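In what follows, a single structure is set out as structure tokens and then discussed.
The values are calculated or read from the model by the stated rules, or taken from the named source; none is laboratory data. The structure presented is a predicted model; accordingly, all values stated were derived computationally and were not measured. Methodologically, a virtual Cβ is constructed for each residue, glycine included, from the backbone with ideal geometry; neighbour enumeration extends over all protein chains shown. Ligands, DNA and RNA are stripped out before the accessible areas are found, and what is left, the full protein with its side chains, is counted by its heavy atoms. Shrake-Rupley method; radii C 1.70, N 1.55, O 1.52, S 1.80 Å.
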Amino acid sequence: MDYTKPIDIQAILNTAKKYDKDIKTLVTLDVLDLLKEFGLRTGFKESIDIHEFQHAFGVSKKYDGDFKGDKKIGNIVKRTLKIYPIVYEMKDEPERYRETFLAEVATGKVLETTPFELWLIQRGIEGAAEELYNVLFTAVRSEDELEPGIEFSFNGIETIIAADITAGLIAAGHNNLFDAGAAFTAANIGDKLKLMWRSSHQTMKRKGGIMYMSENMGEMYDDWYKTNHENPPQLDVAGQLFLEGSNGKCQIKRLGCIENQRVILTQDTNLTYGTESLNDMKNLKPFVSGSPFHFTAVMKYAFGVQIESIHHRKFITSKLY
């Protein structure tokens, strides 16, 4: 890239097209470690209804010679996944990043055959991925133009849970709200998490689950584990990956995008994200605007999250204190 000349937008577009397969999408960057356990719904606009079939029990019985046929095999529960438009807009002076780019090439972090334009596009997408990760659980959809941030663009998982608790859909009476009795601390967290796991449905225990919690709570658990074992096995780099007493069936997932004491125990892929097109999540398009020496680009995609089932066979969350 010749920094002494105006930016050639067409050359950048051609580069992006040529290396399209090499450009990583938003969901394969910072958010991958979280979204790899999420389900994915794509190829729809605005919203999609998720219909969950829930088996009824008590249908099977001893045959006594008389066929009654009076039992339903289950129920259909509908939840809706909504996606909303999000835009990532950048305007920058590429000259500022020349030394960084050359240093990464020199140290082998970027192949020497990688054009600077491609490097800059990927850095923009990486920034968008980090911003998306930060609000996956905490975002609250707002129509107020004075609240333009990504944190107001869709309803995050925590927002959905809070709304379902208010609506009475998540409650102790439905066996999908766990009451720990008090806030989690380093002194009690292991015992309370084991109690939460043991209070879950047998289907969860048989198929396994993921226990989402904040990084802070994960560290609390590590401290509890060390304190309560005379000769604890060495922790790996991520701390304890599975809850003690779960026979390896309950994975602990630490999140850097929440700060409260919410613990979510759910089955793999039950937390779901949706987008109209995965390709939109890497389509950072340069365009001409203002100074010919500025790199301007925009990426627009639709995104949203949902909990597919809040039935206690698949989901249970802790009460906040």
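Odds and ends about this structure:
- Electrostatic dipole magnitude of the chain [Cβ: Lys, Arg +1; Asp, Glu -1; Cα centre; debye, to 20]: 1640 debye
- Per-residue SASA entry for residue 179, accessible area with 1.4 Å probe, Å² rounded to 10: 80 Å²
- Qualifying chymotrypsin sites (Phe, Trp or Tyr not before Pro) in the stretch 65-102, where qualification requires a DSSP coil assignment and no more than 10 other C-beta atoms within 10 Å, comprise 67.
- Those lysines that a straight Cα-Cα span of less than 27 Å connects to residue 319, excepting residues fewer than 8 apart in one chain: 36, 78, 82, 192, 194, 205, 207, 226, 249, 253
- The portion of the accessible surface of the stretch 170-286 made up by carbon and sulfur, rounded to a whole percent, is 46 (1.4 Å probe; DNA, RNA and ligands excluded).
- Hits among aspartates and glutamates - C-alpha to C-alpha of residue 17 under 19 Å, sequence gap 8 or more where chains match: 8, 112, 117, 126, 280
- The stretch 149-231: GluC sites (Glu not before Pro) falling in loop per DSSP and having at most 14 other Cβ within 10 Å: 230
- Counting only Cα atoms, the stretch 171-308 measures 65, 35, 26 Å along its principal axes, largest extent leading.
- Global form of the stretch 121-195, assessed from the alpha-carbon gyration tensor, a/c cut-off 1.5: oblate
- Computed over the chain, the per-residue total of -39500 (n - 2.57) for DSSP H runs of n ≥ 4 gives a 222 nm mean residue ellipticity of -7500 deg cm²/dmol, rounded to 500.
- By DSSP, the beta bridges lying fully in the chain are antiparallel in about 75 percent of cases.
- This model, with +1 at the C-beta of Lys and Arg and -1 at the C-beta of Asp and Glu, gives the stretch 198-321 a dipole about its Cα centre of some 540 debye.
- Degrees separating the helix 116-135 axis from the principal Cα axis of the chain, which is the longest one: 30 degrees
- Convex hull of Cα atoms in the chain, direction-averaged projection (nm²): 23.3 nm²
- Length gained on full extension, residue 91 to residue 289: 70.4 nm, using 0.36 nm per residue less the C-alpha separation.
- Summed over the residues of the chain and divided among them, the accessible surface reaches 55 Å² per residue at a probe radius of 1.4 Å.
- Between the residues 48, 258, 225, the greatest Cα displacement towards the positive end of the dipole of the chain, with unit charges on the Cβ of Lys, Arg, Asp and Glu, is found for 48.
- Its residue count N fixes a reference of 2.2 N^0.38 Å for the stretch 268-321, and the Cα radius of gyration divided by that reference is 1.93.
- Compactness index (Cα Rg / 2.2 N^0.38 Å), the stretch 125-248: 1.29
- Rg/Rh for the stretch 119-160, where both radii come from Cα atoms and Rh is the Kirkwood radius: 1.09
- Average projected area [Cα convex hull, the stretch 177-228], square nanometres: 3.9 nm²
- Accessible surface, 1.4 Å probe, highest first, among residues 269, 166: 166, 269
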